[in-house]
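Asker: Quick one: this structure, given as structure tokens, is what I'll be asking you about.
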Amino acid sequence: NLFGTESSERTLGLKNRPFKYGEVSRITGNFEQVIGEGGFGKVYLGTLDNSTIVAVKMLSESSKQGDKEFQAEARLLMIVHHRNLVSLFGYCNESKHMALIYEYMANGNLRQHLSGAFLCPVVLFLLENEIVKLYFVLTAIGKVEIHSIEDHSKVLTWRKRLHIAVDAAQGLDYLHNGCKPPIIHRDLKTTNILLNEDFQAKIGDFGLSRAFATENDIYVSTCPAGTPGYLDPEFQSSGNLTKKSDVYSFGIILFELITGRPAIMRSRDGSASVHILEWLIPIVESGDIHSIMDPRLQGEFDINSAWKLVEIAMSCTRPTAIQRPDINHIWQS
């Protein structure tokens, strides 16, 4: 059974309820609108009977690696509940049809806003179906930045960025210190920080997450985990993942919030790439914070809080795990 024993299903409560495949088809309008896609399959826009808008992640039949991750995410989301984690409304587990039904995050993911590539998919769909398809294909391969429709009022303000940082830290603190046993996300990145209509940030995509028997357990990975740019340098040499591996990834996310740049920065022609830390550490060490700040902020940020965030991000991204702080020390500061 994908979701464990019958007794565990009985304790899920009303929210994590099972959906029949027919229901899933109906609430998505026969899978009419794709709002995302990954290695597991496609995500569709749906509407429940009470008019709640949801996101429906369907597991593709051709997805082998995704199957394990899909099961892990389902099990985990049924037992974790926090305002800074994406909520699961229900699931479908009918022979070849597996689906997870989540709360819909109307403002997409953090990376889209930092790159200027976010357009509400509902608005696009209402405009013209073909535009929706084109938009998602292009953003999926990272080749589009929609500057023509963007004005300064659409840019994430410095205050919003600080709130997003605190939201993400609180969600991660819950996973690390509020769950027994602790849970390591293993794939924190700006595309997994989702934003609701009020720009409240929630951590999503728990397909690679692992729970441990004790506080000090280390997960030894025998297969690739995580995303280049966000991976703990110690993991790359030892294969060991701990809570401090998530802290490193969180530090990279902070630097993306500060600079607006991606974890792996590429030259305009795509011929060369540099890690964000290689670019910014020499600049920060020279005392020049203005040169790393996101130019889209147009200088509208508080210099003291900017330095504070830089200091926190630097502490999170130290090369060895033992040098990095625990996440609960970070968000409280």
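Asker: Given the criteria on the phi > 0 side of the Ramachandran plot and either modelled with pLDDT under 90 or crowded, with 16+ Cβ neighbours inside 10 Å (or both), does Gly13 qualify?
Answerer: yes
Asker: For residues that are touching a Phe, Trp or Tyr at 6+ places or on another chain (Cβ under 8 Å) and surrounded by fewer than 23 Cβ atoms within 10 Å (Cβ to Cβ), tally how many sit in region 249-269.
Answerer: So the count comes out to 3.
Asker: Could you list, in sequence order, all residues of region 170-191 that are over 18 Å from Ala263 (Cβ atoms) and either at pLDDT 95 or above or outside any loop (DSSP other than H, G, I, E, B) (or both)? Walk me through it before giving the result.
Answerer: First pass over region 170-191, keeping only residues over 18 Å from Ala263 (Cβ atoms): 170-171, 173-184.
Answer for region 170-191, where residues must be over 18 Å from Ala263 (Cβ atoms) and either at pLDDT 95 or above or outside any loop (DSSP other than H, G, I, E, B) (or both): Gln170, Gly171, Asp173, Tyr174, Leu175, His176, Asn177, Gly178, Ile183, Ile184.
Asker: If you take the residues in region 115-134 that are crowded, with 18+ Cβ neighbours inside 10 Å and touching a helix residue (DSSP H, G or I) at 6+ places or on another chain (Cβ under 6 Å), which one is modelled with the highest pLDDT?
Answerer: Result: Ala117.
Asker: Checking the conditions here, which among Ser315, Ser291, Ser305, Ser249 is farther than 18 Å from Ala165 by Cβ and of a type in the set (Ser, Thr, Tyr)?
Answerer: From the options Ser315, Ser291, Ser305, Ser249, the qualifying one is Ser291.
Asker: I'd like to verify a number: residues in region 92-104 that are farther than 25 Å from His176 by Cα and either in contact (Cβ under 8 Å) with a residue 40 or more places away in the chain or not in a loop (DSSP other than H, G, I, E, B) (or both), how many?
Answerer: Qualifying residue count for the region: 6.
Asker: Filter region 210-266 down to residues that are part of a loop (DSSP other than H, G, I, E, B), β-branched (Val, Ile, Thr) and either over 22 Å from Leu110 (Cα atoms) or modelled with pLDDT of 95 or more (or both), then give me how many there are.
Answerer: Of the residues in region 210-266, 4 are part of a loop (DSSP other than H, G, I, E, B), β-branched (Val, Ile, Thr) and either over 22 Å from Leu110 (Cα atoms) or modelled with pLDDT of 95 or more (or both).
Asker: Hey, can you tell me all the residues within region 277-320 that are among the small types (Gly, Ala, Ser), part of a helix (DSSP H, G or I) and more than 14 Å from Phe255 (Cβ to Cβ)?
Answerer: Selection gives Ser305 alone.
Asker: Checking Ala55 against (1) out of contact with any Ser or Thr (no Cβ under 9 Å at 6 or more places or on another chain); (2) over 24 Å from Leu175 (Cα atoms); (3) not polar (S, T, N, Q), which test does it fail?
Answerer: Here Ala55 clears every test but (2).
Asker: Only one of (1) modelled with pLDDT under 95; (2) basic (Lys, Arg); (3) assigned to a helix (DSSP H, G or I) is not met by Arg159, so which one is it?
Answerer: Failing condition for Arg159: (1).
The values are calculated or read from the model by the stated rules, or taken from the named source; none is laboratory data. Keep in mind that this is a model prediction, so the values were computed, not measured. We place every Cβ from the backbone using ideal geometry, glycine too, and count neighbours over all the protein chains shown.
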